[in-house]
1. Got a sec? Which of T292, T284 is on the phi < 0 side of the Ramachandran plot and in contact with an Asp or Glu (Cβ under 9 Å, 6 or more places away or on another chain)?
2. Among the strands (runs of 3 or more DSSP E) lying completely within the range 450-552, list those that include at least 3 residues that are of a type in the set (F, W, Y) and surrounded by 14 or more Cβ atoms within 10 Å (Cβ to Cβ).
3. Count, please, the residues in the range 196-223 that happen to be of a type in the set (S, T, Y), under 24 Å from K182 (Cα atoms) and exposed (fewer than 14 other Cβ atoms within 10 Å of the Cβ).
4. Which members of the range 35-53 meet the condition of being within 17 Å of the chain's Cα centre (by Cα) and of a type outside the set (D, E)?
5. Could you say whether any residue in the range 311-322 is more than 24 Å from the chain's Cα centre (by Cα), modelled with pLDDT of 95 or more and of a type in the set (A, V, I, L, M)?
6. Taking the conditions exactly as written (of a type outside the set (S, T, N, Q) and within 21 Å of I138 (Cα to Cα)), does I57 satisfy them or not?
7. Step by step: first the residues of the range 431-461, then only those that are within 22 Å of N87 (Cβ to Cβ) and over 27 Å from the mean Cα position of the chain (by Cα), then the one that is modelled with the highest pLDDT. Which residue is that?
Amino acid sequence: MSLHTLSTRQKKLAAAAVIISIIALYLVHIYDYPLMDPDEGRYSEIPREMIATGDFITPRLNGVEYFEKPILQYWLTAASMTVFGENEGAVRVVPAVTAVVNIFLTAWLAKLMFTNRTALLTAAILATATLHIAVGSINILDMMITMFMTLSLVTFYQGRRTKNRRWYLLMYAAMALGLLTKGLISIVLPLGIIFWYMLFTRQWSIIRDIIYLPGIILFFIIGVPWFYLVCQANGDFFYFFFIREHFLRFATKIEDRYQPVWFFIPMVILGMFPWLGFLPALFTKQGVIRSTESDDNKRDIIFLLTWFFVVFIFYSCSDSKLVPYILPCLSPLAILLAASIRRSVKLDRWMAHGLLVNSVGCFIFVAALIWYSTHADYLNAWEIFHKGWLIFLSLTVGLAVVICIWLKTKQIRCTISAFVVVAFLFAAGLQSIHGQVAVERTADYVATDIRRIEQPGDIVVSYGDYIQGLPFYLQKRVVVASYLGELEFGSKHPSGQGWFINDAQLMNLWNSDKRVFVVFDKSKKRAINKLFPDKIKSSSPKGGYYFIVNRD
């Protein structure tokens, strides 16, 4: 049997190995590290408060109304916490599972467009891409909305391919569920992609196909009831959610998240690591973009490029930019990369010197990580080497093995198979580093110290900031001093009265007959020293937070 040929049994074993590795990569580690502030604390506390209050209509954060995001992920996280307990692993089940689903949906689309082997390679590429694994490892909303966008576009494609309009039921359901996850973006981006794809390919019948009454009805059945109920319970929800959080956030710098228009270019490049070295091959003369094999293949490539660029341009034009926003770009890019590598296999040569370029990129990454370890604020060199040893092993020894396999066999398929193993080892190492970052940015440790000496009736104050994970780990509401931030809207409601105080009110509380804990990070040490001279002991607490107490 030649190196090119695998038996049916070997193919099934290889596919099973990749699938099991993907599931393990995203699920095994979710209990291993504490909640990372600020995002994980926020998106864990809201469902915890839903369970505590029994109110599953109005989201609340630290006891006040919080309308920045819709309800679906809160519901699912609350369900997970009910089953698995109120702990870190339970709140990460939703992003981890949706990450795995997003990978398999993307692989399914690759199978529909290309071949089974392209689908398997697509799954491996997307699963081990740095940005995908980073976002799939923390409890934020971006992975779920990405998965629903992928589902809507894959089912649209399948509906067009099979000419079976029932697939559009799933497309509309996905957009409705995305609406309940992160708002109107779940409609704007998929329909924008479909619109431009229709223009580029001149398939005007798309309009007739997707205006599908049963799908539209299903969309409203799924998407409208919660919005109706929350608007009935909260008269100011509509303006805050639809006007402020959608139009003003996109069009203005209201959230102070402005980045230059080119911000997402390096984010996509780094987000696709360790596969970025294969990107140049996409644009060669015989690459999959410039050299299509049929009219159907050309339309497929246009669909993937339209998907990528509509998302990329939309967010690049926004005045509000965060790294996870660009996550939906990774699915079409992973398919294009897999198809490009498969083209190299077919041609029996590396297009654009893909292996060489990728290897150099990996070695540069190792050098950059070593440099970063000597300059990082909260990760030292020892922690990076100790926790992330798999990264260094995979990108040095592992990569050397890959190169040796290529030099010995000259078989691109065998070489890529070996690199897939390296990529999974790299991703596993990345998980360890991710966990170490969480250890340096968590309220878990300060909350544990407070719980050891806390008594009924004691008051905990978060000073100069709202420390997101503190209420979750203390299982109670905290007073917020000299800060409003994202809680400003809720603080003006009756539910916020007495829970937001200034420095003078904090001093009165401190001097009262109540036992008071004040929690703060190192940036607030100078302000705390002015308010409470000689109260801060010289220490560097694990997790990045200090606390003082007015009486023992």
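1. Of T292, T284, the one residue that is on the phi < 0 side of the Ramachandran plot and in contact with an Asp or Glu (Cβ under 9 Å, 6 or more places away or on another chain) is T292.
2. In the range 450-552, the matching strands (runs of 3 or more DSSP E) lie at 545-549.
3. The number of residues fulfilling the criteria is 0.
4. Passing the criteria: L35, M36, P38, G41, R42, Y43, S44.
5. no
6. no
7. The extreme case among them is V460.
The values are calculated or read from the model by the stated rules, or taken from the named source; none is laboratory data. This one's a predicted model, so the numbers in the text were calculated from it and none came from an experiment. So basically every Cβ, Gly included, is an ideal-geometry build from the backbone, and we count neighbours across all protein chains shown.
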